[in-house]
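Colleague: Before I ask anything, let me first share the structure, which is written out below as structure tokens.
The values are calculated or read from the model by the stated rules, or taken from the named source; none is laboratory data. Fair warning: this is a prediction, and the values are worked out from it, not measured in the lab. All Cβ positions, glycine included, derive from the backbone under ideal geometry; neighbour counts span all protein chains shown.
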Amino acid sequence: MHRKIIHIDMDAFYASVEQRDNPEYRGKPIVVGGGPEGRGGVVATASYEARKFGIRSAMPSKRALQLCPHVIFVKPRFAAYKEVSQHVREIFRRYTDLIEPLSLDEAYLDVTKDKRNIGSAIGIAQEIRAAIKEELQLTASAGVSINKFVAKIASDMNKPDGLTFIDPAQVETFMEQLPVEKFFGVGKVTAEKMNRMQIFNGADLKKFTEDELYRYFGKSGRFFYRIVRGIDDREVQPHRETKSVGAEDTFAFDLEQLDDMHAELDKIARTVHDRLERHQLRGRTVTLKVKYSDFRQITRNHSFTYSVAELDIIAATAKELLLKTDLEGAKIRLLGITVSNFGDGPVKPDSGQLSLF
């Protein structure tokens, strides 16, 4: 029996919430994210009106302004987006408990057995989209198929407000026609390498043996070999294990003074600490991420023999790691802190001065 997998993806989520809540934004090109002031921020989400001008997520806001001089920049309201996301998940739970959120605006659902005994994954997807529209005045697109990979690709095919079903008998043909750039794990560099090998779509990939793909692309090659044949056994995981908790910030102007860097690290450490507290997690590894004005990026980490979540330890560790980088004449555009290596372990000793290194 084939599994019944749905991938739901909210349409231009942040921008759509802003347009719903602010009538003056409706029908206009808006960007949710950092504004173009100073060195400029980054586009988190663009409305469909803005996308017509070529504006895309992760694009510098200055570039967005060049493409559309009358675009409206809106600061994110993450509390509002989270509230909407929780309502959407409540709708999901009416049909199944096998829900794997990927972010605030998308999730996988396994409806092989659904709570309402509807039996049709297409019917469930239609009901979910209708409920989102009626209760939240927002639209979502859905992909329906027999595995996660195909369902996710399908959800993007008829956006916005679309539903695409890939029949089990059509999956392998669908994969053969799929451009390699659409394959999970194929970024720009891998796609260019594939193109040099005359691999442009799934049908081209199928000409290679599993061993050949492994030799050319490592472990990903084995995944490519299976997925192009429609084989994806990954289960929908309702309780995905958190591997790390972190936060980072890109600054409007380069940081050149150590005091400014420390002040920013204190803010970032506070965010990481709050997230650890919320998830009741403690980790043994603290990692510092530094991106310079020339976009060169480095990371430094320190592992403890005990688990930590304390704000002072996270902040102090990040500052010590920063001092171990080359700060002479440095201009820093981004700093980030991540805590990882979770699991059971002793906590910080109660006595004695903390020695980080």
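Colleague: Identify all residues within the range 212-233 that are surrounded by 19 or more Cβ atoms within 10 Å (Cβ to Cβ) and under 27 Å from K4 (Cβ atoms); write none if there are none.
Modeller: Step one: of the range 212-233, the residues surrounded by 19 or more Cβ atoms within 10 Å (Cβ to Cβ) are 213, 217, 221, 223-225, 227-228, 230, 232.
Selection gives F223, F224, Y225, I227, V228, G230, D232.
Colleague: Could you go through the range 12-24 and let me know if any residue there is assigned to a strand (DSSP E or B) and among the aliphatic types (A, V, I, L, M). Before you say what the answer is, go through the steps one by one.
Modeller: Taking the range 12-24 and keeping what is assigned to a strand (DSSP E or B), we get none.
No, because not a single residue in the range 12-24 is assigned to a strand (DSSP E or B) and among the aliphatic types (A, V, I, L, M).
Colleague: Determine if the range 169-177 includes at least one residue that is touching a residue at least 24 places away in the same chain (Cβ under 8 Å) and among the aromatic types (F, W, Y). If you could, list the steps in order and put the result at the bottom.
Modeller: First, pick out the residues of the range 169-177 that are touching a residue at least 24 places away in the same chain (Cβ under 8 Å): 171-172, 174-177.
Still in the running and among the aromatic types (F, W, Y): 174.
Taking every residue of the range 169-177 in turn, at least one turns out to be touching a residue at least 24 places away in the same chain (Cβ under 8 Å) and among the aromatic types (F, W, Y).
Colleague: Oh, and also: Keeping to the range 9-24, report how many residues are closer than 18 Å to A125 by Cα and buried (at least 24 other Cβ atoms within 10 Å of the Cβ).
Modeller: Number of matching residues: 1.
Colleague: Then there's this: Being closer than 16 Å to D249 by Cβ and assigned by TED's automatic domain parsing to the domain that holds L255 narrows it down to one of V290, V286, so name that one.
Modeller: Values: V286 fails: closer than 16 Å to D249 by Cβ.
After ruling out the rest, the residue left standing is V290.
Colleague: Hey, among the residues in the range 213-230 that are in contact (Cβ under 8 Å) with a residue 12 or more places away in the chain and part of a loop (DSSP other than H, G, I, E, B), which one's nearest to K182 (Cα to Cα)?
Modeller: V228
Colleague: Mind checking which residues of the range 14-70 are touching a helix residue (DSSP H, G or I) at 6+ places or on another chain (Cβ under 6 Å) and of a type in the set (S, T, N, Q)?
Modeller: Q19, T45, S47
Colleague: Answer with yes or no whether F208 is touching a Phe, Trp or Tyr at 6+ places or on another chain (Cβ under 9 Å), at pLDDT 95 or above and either of a type in the set (S, T, Y) or farther than 26 Å from I99 by Cα (or both).
Modeller: yes
Colleague: On the basis of being at positive phi and touching a residue at least 24 places away in the same chain (Cβ under 8 Å), does G54 make the cut?
Modeller: Numbers: at positive phi: yes; touching a residue at least 24 places away in the same chain (Cβ under 8 Å): no.
In short, no.
Colleague: Here are E192, E210, E181: which of them is over 23 Å from N147 (Cα atoms), acidic (D, E) and free of Cβ contacts under 8 Å to residues at least 40 places away in the same chain?
Modeller: Within the list E192, E210, E181, the selection yields E192.
Colleague: Yes or no: the range 170-193 includes at least one residue that is closer than 24 Å to Y81 by Cα, surrounded by 13 or more Cβ atoms within 10 Å (Cβ to Cβ) and among the hydrophobic types (A, V, I, L, M, F, W, C).
Modeller: Pass one, the range 170-193, residues closer than 24 Å to Y81 by Cα: none.
Within the range 170-193, none of the residues are closer than 24 Å to Y81 by Cα, surrounded by 13 or more Cβ atoms within 10 Å (Cβ to Cβ) and among the hydrophobic types (A, V, I, L, M, F, W, C).
Colleague: While we're looking at this one, here's another question. Go through (1) at pLDDT below 95; (2) touching a helix residue (DSSP H, G or I) at 6+ places or on another chain (Cβ under 8 Å) one by one and return the number of the condition P168 breaks.
Modeller: It is condition (2) that P168 fails.
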